[in-house]
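The values are calculated or read from the model by the stated rules, or taken from the named source; none is laboratory data. Just so you know, these numbers come straight off a predicted model, no measurement behind them. A quick note on method: Cβ atoms are made from the backbone with ideal geometry, for glycine too, and the neighbour counts reach across all protein chains shown. What goes into the accessible areas is simple: the full protein's heavy atoms, side chains included, and nothing from ligands, DNA or RNA. Shrake-Rupley method; radii C 1.70, N 1.55, O 1.52, S 1.80 Å.
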Amino acid sequence: MVKRMTGISLIVVALVALLAACGTGPTPTPTEIAEPTEPMEPTEEPTEAPEPTPEVSPTPEATPTEFEPVVGLELVAEGFAAPLALMPSGDGSGRLFVIDQTGQIWIMTPEGEMMDQPFLDVSDRMVELSSGYDERGLLGLAFHPNYTDNGRFYVYYSAPLREEAPADWNHTSHLSEFVASADDPTVADPDSERILMAIDQPQSNHDAGQIAFGPDGYLYVPLGDGGGANDVGTGHTPELGNGQDVSNLLGSILRIDVDGGDPYGVPSDNPFVGDEEGREEIYAYGFRNPYRIAFDAGGNRELFVGDAGQNLWEEVSIVNLGENYGWHIKEGTHCFDPQTPDTSPEECPDTGPMDEPLIDPIIEYQNANAPGGLGLVVVGGNVYRGSAMPAYVGRYIFGDWSTSFQEPDGTLLVATRPETEGEMWTFQELMVATEEDGRLGRYILSFGHDTEQELYLLTSDTAGPSGDTGKVFRIVPPPEDDDGMTDDGTDEDGEAGAVLQSVTVMEQSVMDGSIVVDEVVSDGPGWIVIHADEDGARPAETGHLERLPGGGFGGPLHPVGTHRCLPREPAGST
């Protein structure tokens with residue numbers, strides 16, 4: 001059973017990443033599946049935009065201010081196998097819904113208690129998952145904008161391969177509508193399933209994941225390129241790859257109107273409406289595995305998409321109607337050749353097969369398959385629009401799954417919009433001061449939000465969807481110490497805290513040279529505050545460092561890039 005746990009606070013720094021299967025709870029009665037052929041044929045007439053009913057609270061608008069890259073984590077629920085999404089339903093009840101990859105949707109009450117019985121369990125309708133690692137399962141949940149009145153919600157999960165599919169393919173993804181019970185709002189009607197789309201998948205990976213209603217009232221559905229590697233092989237379009245082939249749905253983000261037809265309609269301004277060469281459901285394309293998507297709850301309501309990279313580069317993009325995001329011509333901003341995935345070619349086309357421009361991401365980083373890479377795979381997050389952490393408003397909080405398959409080592413990150421449009425966003429690692437080495441020590445699976453747009457981090461201690469180590473943390477400000485100082489060594493005004501220990505002068509070794517700082521002091525367990533002047537004024541930089549053998553400290557420093565600090569030998573030493 002999933003249990004609630006409170007009163008545990010952690011302070012956080014990090015960089016983040018992917019996914020994780022068994023079954024718990026009561027077994028629902030499976031519905032009769034009505035022979036879905038391909039993704040089902042939409043209504044012939046494209047639909048006009050519906051009137052959306054926003055479910056979010058008004059969000060503050062603010063220009064990001066100076067901030068220390070530190071947050072707290074408050075444990076609010078545990079006992080999951082692999083929690084992959086958390087969200088409110090928009091019905092004003094204050095409840096939060098958590099999906100577990102193993103097939104269950106759980107309800108957290110406004111008081112923070114987890115219901116004993118799942119809201120819905122589709123585990124008996126899913127393909128059997130691998131406990132060691134799997135990208136299939138219950139991957140997405142979205143509540144209809146008018147859920148309060150109609151009780152309709154949508155799930156995206158991995159079902160066994162249907163009879164009409166090629167025999168050597170792996171499984172069939174279902175996008176299904178369910179309805180909440182008319183008699184009991186704490187459970188859904190398991191017999192109400194209506195399958196909107198049945199999408200055959202050639203391999204077990206690159207299933208994409210989170211679905212979402214946009215501010216336009218339409219449902220957005222991200223699909224991976226079909227799996228395997230390099231977008232080649234069985235089920236992948238020769239030469240083009242599925243990412244560049246708009247005649248099939250794989251490697252795309254779809255946009256459909258769940259109110260506009262049977263089983264759905266297509267918005268009239270989708271880019272391939274009336275075009276025989278492309279599928280009308282496609283909104284944007286050129287993706288490898290856009291596992292997690294999220295609309296900004298404020299600002300221009302932009303769509304942020306984290307797209308998992310191949311062997312070298314991870315990326316996050318702001319996705320717009322009709323654009324081509326490059327895969328498998330490019331990986332991030334770099335050229336890609338499926339024959340040599342470990343090397344980025346110097347040259348490649350800058351347009352797609354229809355001479356359309358290829359759109360670069362707003363964030364990219366080298367993954368852990370390359371020397372010095374940050375982590376194994378990006379996990380898309382959310383733009384912060386809450387009120388608890390004003391300095392983070394407008395910043396994008398995301399992560400990397402882990403630096404290793406064998407040991408949980410996710411990284412929590414935060415990115416800041418550039419002042420000049422068109423430039424890449426800058427990003428930093430967030431700090432976890434309560435951990436000895438400053439790392440999160442868990443696999444990062446996903447992010448979520450509540451009605452107040454406060455954000456949540458979803459993690460697990462295992463690489464696959466098994467066990468009960470899955471946890472949900474609320475991302476909160478760092479707690480204050482008894483002396484009124486926060487754990488980043490500063491008070492509410494950003495002034496330096498009391499010096500607990502002085503150490504030797506440090507030399508900061510960076511990729512483009514060396515920087516010598518004036519003084520290094522420790523203001524808390526594991527924390528080093530570097531002062532740029534002798535008066536102990538506001539720290540110029542902060543970092544989480546470890547004591548090194550023989551004295552001094554070493555470790556990553558922030559805010560810009562990834563640096564390594566080394567102690568400078570005392571004068572006269574040999």
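Observations on the model:
- Answer from Leu445, Leu440, Leu430, Leu376 - the residue that is at pLDDT 95 or above, of a type in the set (A, V, I, L, M) and farther than 16 Å from Trp313 by Cα: Leu445
- Residue match in the stretch 180-193 (condition: open to solvent by less than 20 Å² (accessible area, probe 1.4 Å), in a loop (DSSP other than H, G, I, E, B) and either modelled with pLDDT of 95 or more or polar (S, T, N, Q) (or both)): no
- Within the stretch 320-369, the set of residues being of a type in the set (Val, Ile, Thr) and surrounded by fewer than 17 Cβ atoms within 10 Å (Cβ to Cβ) comprises Thr333, Thr340, Thr343, Thr351.
- Close contacts from the stretch 262-277, counting a first residue that is farther than 17 Å from Gly217 by Cα and of a type in the set (Gly, Ala, Ser) and a second that is part of a loop (DSSP other than H, G, I, E, B) and open to solvent by 10 Å² or more (accessible area, probe 1.4 Å), with Cβ to Cβ under 9 Å and a gap of 6+ residues or different chains, come to Gly274/Pro46; Gly274/Glu280.
- Selection of the stretch 94-130 for residues being out of contact with any Phe, Trp or Tyr (no Cβ under 6 Å at 6 or more places or on another chain) and more than 20 Å from Val472 (Cα to Cα) yields Ser123, Asp124, Arg125, Val127, Glu128, Leu129, Ser130.
- Failed condition for Asp124, given (1) farther than 23 Å from Val378 by Cβ; (2) in contact with a strand residue (DSSP E or B) (Cβ under 9 Å, 6 or more places away or on another chain); (3) open to solvent by 20 Å² or more (accessible area, probe 1.4 Å): (2)
- Within the stretch 251-280, being in contact with a Leu (Cβ under 8 Å, 6 or more places away or on another chain), open to solvent by 10 Å² or more (accessible area, probe 1.4 Å) and not basic (Lys, Arg) holds for Pro263, Asp269, Pro271.
- Residues of the stretch 100-159 that are assigned to a loop (DSSP other than H, G, I, E, B) and in contact with a His (Cβ under 6 Å, 6 or more places away or on another chain): Val127 alone.
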